[in-house]
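Reviewing the structure listed below.
The values are calculated or read from the model by the stated rules, or taken from the named source; none is laboratory data. As the structure is a prediction and not an experimental result, all values here were calculated from the model. Positions of Cβ are generated from backbone atoms using ideal geometry, with glycine treated the same way; all protein chains shown enter the neighbour counts. Quick note on the areas: whole protein, heavy atoms, side chains included, nothing else; ligands and nucleic acids left out. Shrake-Rupley method; radii C 1.70, N 1.55, O 1.52, S 1.80 Å.
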Amino acid sequence: MKWCLAHFEKDFLPDGSYFCLKICCLCFMFLNVENEYGYYEAAYGEGGKRYALWAARMANSQNTSVPWMMCQQFDVPDHVIDTCNSFYCDQFKPISPNTPKIWTENWPGWFKTFGSRDPHRPVEDVAYSVARFFQKGGSLHNYYMYHGGTNFGRTSGGPFITTSYDYDAPIDEYGLARLPKWGHLKDLHKAIKLCENVLLGSEPSLLSLGPLQEADVYEDMSGNCAAFIANMDDKYDKMVQFRNKSYHLPAWSVSILPDCKNVVFNTAKVGYQTSVVEMVPSNFTSSTLSPNRDLKGVTWEVYQEKAMIWGQADFTNNGFVDHINTTKDTTDYLWYTTSFLVDENEDCLRNGSSAMLLVESKGHALHAFVNEKLQATGTGNGTVSTFKFMSPIILKAGKNDIAILSMTVGLQNAGPFYDWVGAGPSSVKILGLKNGTLDLSRYTWAHKIGLQGEHLKIYQGDGLNSLNWVSTTEPPKEQPLTWYKIVVDSPPGNEPVGLDVIHMGKGLAWLNGEEIGRYWPRKSSKHEECVLYCNYRGKFSPNKCSTGCGEPTQRWYHIPRSWFKPSGNVLVIFEEKGGDPTQIRFFQRKISVVCAHVSEDHPSFDLNYFQKAGNENLTNKATVQLVCPMNARISAVKFASFGTPTGNCGSYAKGDCHDANSASFIEKVCLHRNDCVLEVGKGNFNTGLCPGRAKRLAVEVVCS
């Protein structure tokens, strides 16, 4: 294990920096028997324990010569390593004292579900958790996720997990570094790397520095020393004494001292720039389109599915079949249809009253059509998949056809007995008739798996022309069960691309036959608790630092640049319940503004120089580096203040102490450059301001 720490600590990004300490150890040196089975084992009783033991023995019997592990397994047998998955693993102790302390999943964010808020985990807390883990003897650490991803096609799980699996990761799903999260963790990894030799060659000794303050000191036989000093108080900063020196510790932070003297990194002091990322609309163009921001007045091809079974039914059944067991996850869609008679003398036909449709479902969502008209929609959510709803419906005298289009939104992928968790309607009743409630649940229902367009693959290859599309410059709006097709050019430039479907309802999208995924601009509740600024101090949970209340959980859907051709790109949309396709747009993801906010006492040693030159006579040089994206320049200084500025990126304000020359100096150094470095409190800044007070530099610049 210590060989692993010494030799597999780097994974390089394009700028030459490594982004994940020792992640390669996990990739190459361990195999996982079961992941987090320990959470659910008790639900299976003694059978669960027997299974875990059998699985471990079976794995070991393969004689792979590679260690096997089980994440979050609380009763691992011999010769299997138990590991930790959590937001914090510093207090985790392996069952066997002879196995290494491994953190297989550190969650730097959290996933999203359609209709929920957008969770964020502050980088100060992520860094705190990593530093505490190595402070307490951790051997190997891995992030889940370090690079956010996209659940293309129908690959998302949950259910209800969004197509985006960005996870608030240090590298977002579009491949851009999320700053300052990525940069602050990069500096953390460098600081831990400086402690490498002494961490490998010694065990920590604990030193109490206060009620919630402590140091873990590593010293080897050669006299090398490294220390981690932690303040676990989640409210108050503290000043502590360590080896006859005073150290200031912000609340909920860890300082790293590779030589037991100099603080090269503190988890709560973020010196890396913040990048403001925007989604910027791109013009639609093609050989038949003039440049235009939208798709109004251009030629579309349209096909509408029937709101009933297409072709012959696959089978009939008295009552409801389970959706998932029937479709085998080959499609999101399953039709259930039946019919019933309504007497012409029913009150709901004569006096303006309405019959009511009462539906209960095991999940995940459904659309109810009566006589081929969409009359009701119901859905569960990421917390509870099952749902029940009642809606007024319009009936006619005589025979009435009812068609239920049941939908899955990803399949459950964790939990006890999740293979038995079903979906689809479980009860359908008509209320408000003279003879009382009409229960259709035991009627004979005809079933059809999937959509006709899916069956014909009208979104790709030869299937694009397998039916008669209708050409129009005015595609129907708010029309359910409609396929839309249009040919467009690739968006200009090389920035990442997202598809904006905020004016659509719910459905699926393809580009050149590649499935972008499920789209659903479902909004979260306005009444949930969201924050403008997240307090990193204290234990994190997925609901602690959320944004986006009252907004769509996901508005933009990532399309890889590699899917585009220069021209002739075929975009196909299937809309379930109705929207405005002329409002669909491509957006490009761009960094427009960068900021930094750094104090004079920020630990900003040149870590590479520190390692080469030793630790004698080192001086702290707090610096700010502002870097625009490639092919962009700093075009304007929006805010600059050396003194006591307040606020955050986008909302900085001058304090009562301010150097009036701040902006002019930064303009001189930074304007029209791709990047610039500013030494805080040096150069042309007035260091004599506000004597006796800690000063800071806050900067916000425009990249274009």
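Calculate the spin-label point distance for Glu278 paired with Asp237, positioning each point 7 Å from the Cα along the beta-carbon direction, and give it in nanometres. Result: 3.4 nm between the two label points. Using a simple spin-label model with pseudo-atoms 7 Å out from Cα toward Cβ, Leu31 and Asn351 lie 7.4 nm apart.
Given labels modelled 7 Å from the Cα in the Cβ direction, how far is it in nm from Ser391 to Asn435? Reported label-point gap for Ser391 and Asn435 is 2.6 nm. Listed values for segment 217-225 are Karplus-derived 3J(HN,Hα) couplings in whole Hz (6.51 cos²θ - 1.76 cosθ + 1.60, θ = phi - 60°), namely 10, 10, 9, 9, 5, 8, x, 5, 9, and x replaces Gly and Pro. When +1 charges are put on Lys and Arg Cβ atoms and -1 charges on Asp and Glu Cβ atoms, the dipole computed for segment 315-448 relative to its Cα centre reaches about 100 debye. Measure up Lys388/Lys477; Lys448/Lys506; Lys181/Lys523; Lys506/Lys539; Lys296/Lys362 against 30 Å on the Cα-Cα distance and list the ones that go over. Pairs exceeding the cut-off: Lys506/Lys539; Lys296/Lys362. With r as the distance between the Cβ atoms of Ser86 and Leu53 and R0 = 25 Å, compute the FRET efficiency 1/(1 + (r/R0)^6) and round to 0.05. My answer for the efficiency is 0.55. For the chain, the dipole from Cβ point charges (+1 on Lys and Arg, -1 on Asp and Glu) about the Cα centre works out to 880 debye, to the nearest 20. How big is the gap, in Å, between the Cα center of segment 294-334 and the Cα center of segment 242-261? With segment 294-334 and segment 242-261 each reduced to a Cα centre, they are spaced 63 Å.
Each Lys and Arg adds +1 at its Cβ and each Asp and Glu adds -1 at its Cβ; summed about the Cα centre, segment 188-269 shows a dipole of about 340 debye. Classify segment 315-448: rounded, prolate or oblate, from the alpha-carbon gyration tensor (a ≥ b ≥ c, eigenvalue square roots; a/c under 1.5 rounded; otherwise prolate if a/b is larger than b/c)? Taking the square roots of the gyration eigenvalues as a ≥ b ≥ c, segment 315-448 is prolate. When Trp310, Trp420 are compared by accessible area of protein heavy atoms, the largest-first order is Trp420, Trp310, using a 1.4 Å probe.
Ranking Val624, Val487, Gln62 by Cα position along the charge dipole of the chain, where only Lys, Arg, Asp and Glu carry charges on their C-beta atoms, puts Val624 farthest toward the positive end. Residues Met221, Met308, Met69, sorted by accessible area with the largest first, give Met221, Met308, Met69 [1.4 Å probe; ligands and nucleic acids excluded]. For segment 478-548, the list of chymotrypsin sites (Phe, Trp or Tyr not before Pro) that fall in a loop by DSSP and count at most 13 other C-beta atoms within 10 angstrom reads Tyr533. The loop-placed GluC sites (Glu not before Pro) in segment 463-536, going by DSSP, that have at most 15 neighbouring Cβ atoms within 10 Å of their Cβ come out as Glu478, Glu528, Glu529. Here's the picture: charge each Lys and Arg Cβ at +1 and each Asp and Glu Cβ at -1 in the chain, and of Gly210, Gly319, Gly380 the one pushed furthest to the positive end of that dipole is Gly210.
Here the translational diffusion coefficient of segment 102-227 follows from Stokes-Einstein with Rh set to the Kirkwood radius across Cα pairs; for 37 °C and 0.692 mPa s it amounts to 199 µm²/s.
For Arg243, the solvent-accessible surface computed with a 1.4 Å probe is close to 120 Å², ligands and nucleic acids excluded.
Enter the accessible area per residue of the chain (Å², integer; probe 1.4 Å; all protein chains in place).
About 44 Å² of surface per residue is accessible.
Taking the protein heavy atoms of the chain in the context of the full set of protein chains, the accessible area attributed to carbon and sulfur is 49 percent at 1.4 Å. Residues whose amide H lies under 5 Å from that of Gly422, counting only those 5 or more places away or on a different chain, are absent; hydrogens are built 1.01 Å from N in the peptide plane. The shape of segment 207-285 comes out prolate: with a ≥ b ≥ c from the C-alpha gyration tensor, a/c is at least 1.5 and a/b beats b/c. Reported to the nearest whole Å, the Cα centre-to-centre distance from segment 401-423 to segment 115-154 is 29. Of the labelled figures [x] 95, 66, 48; [y] 99, 74, 51; [z] 99, 55, 52, only one reflects Cα extents along the principal axes in Å as derived from the coordinates, namely [x].
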